[in-house]
1. Order these peptides, 70-79, 31-40, by their mean beta-carbon neighbour count within 10 angstrom, highest first.
2. Could you rank the peptides 138-146, 95-103, 15-23 by their average count of other C-beta atoms within 10 Å per residue, with the highest value first?
3. For the chain, what does the convex hull of the Cα positions come to per residue, in cubic angstrom?
4. With every protein chain kept in place and ligands, DNA and RNA left out, what is the accessible area per residue of segment 73-131? Probe 1.4 Å, answer in Å².
5. Shape of segment 64-145 from its Cα gyration tensor (a ≥ b ≥ c, root eigenvalues): rounded if a/c is under 1.5, otherwise prolate when a/b > b/c, or oblate?
6. Between Thr79 and Glu3, what FRET efficiency follows from the Cβ-Cβ distance if R0 is 41 Å, with the result rounded to 0.05?
7. Translational diffusion coefficient of segment 114-168 at 25 °C, 0.890 mPa s, Stokes-Einstein with Kirkwood Rh over Cα pairs, in µm²/s as a whole number.
8. Aspartates and glutamates within cross-link reach of Lys113: Cα-Cα under 16 Å, excluding same-chain residues under 8 positions apart?
Amino acid sequence: TIETFVGSVKAAALAPEGERCAVGGYGGALKEFNVANGALLASLAGHRDHINCLVYSRAGATLVSADQDGEIRLWDTRTLDCAGRFRHGGVAIVHVALAPDGRFVAAVDLAGKVTVWDVALGAPVRWFTAGVIPITRVAFSPGGGYLLAGCRDGKALLYCLATNQVEA
């Protein structure tokens, strides 16, 4: 058991090597812990609103956090510095995914719209929706060229980043 000191935990992620975890809560509380002994490794400051989602990169060197206010932050887990920051127009982010190569971050907002940011550019490069049905979750393909989007109506869409089209 890890005492997180974030109030109610709203988001959690386990680093790929299984030795660290991140938890986020109300008021922007974001902390990283040693899984084996529960020791606090870092308190990551910067978010002002509730942390809604967290995800580590495949290698564990980056942690992505997103909050209720529409802010997405990329944290370098070696230096504990904020390595990037994206604003999503004040709309709550409910889910994030990081491409396997770390090049793109995809975020689903409360309205069900997906925005894909190019991490190096620090800018959005793709947007898509499923029409009137909100998208609730996204996942990158192993090669990073596709996003699978799960919708509230139980359907899933396969979105090609290269063509900016839904393929299935």
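The values are calculated or read from the model by the stated rules, or taken from the named source; none is laboratory data. Fair warning: this is a prediction, and the values are worked out from it, not measured in the lab. We place every Cβ from the backbone using ideal geometry, glycine too, and count neighbours over all the protein chains shown. Side chains included, ligands, DNA and RNA excluded: accessible areas come from the protein's heavy atoms. Shrake-Rupley method; radii C 1.70, N 1.55, O 1.52, S 1.80 Å.
1. Packing proxy ranking, top to bottom: 70-79, 31-40.
2. Values: 138-146: 14.9, 95-103: 18.7, 15-23: 16.7.
With the highest mean Cβ count within 10 Å placed first, the list reads 95-103, 15-23, 138-146.
3. Values: hull volume 18.8 nm³, N = 168.
In the chain, the Cα hull volume divided by residue count equals 112 Å³.
4. 45
5. Oblate shape, in that a/c is at least 1.5 and b/c is the bigger or equal ratio.
6. 0.95
7. My calculation gives 212 µm²/s for D.
8. Within the straight-line limit of under 16 Å, Lys113 reaches these aspartates and glutamates: Asp67, Asp69, Glu71, Asp153.
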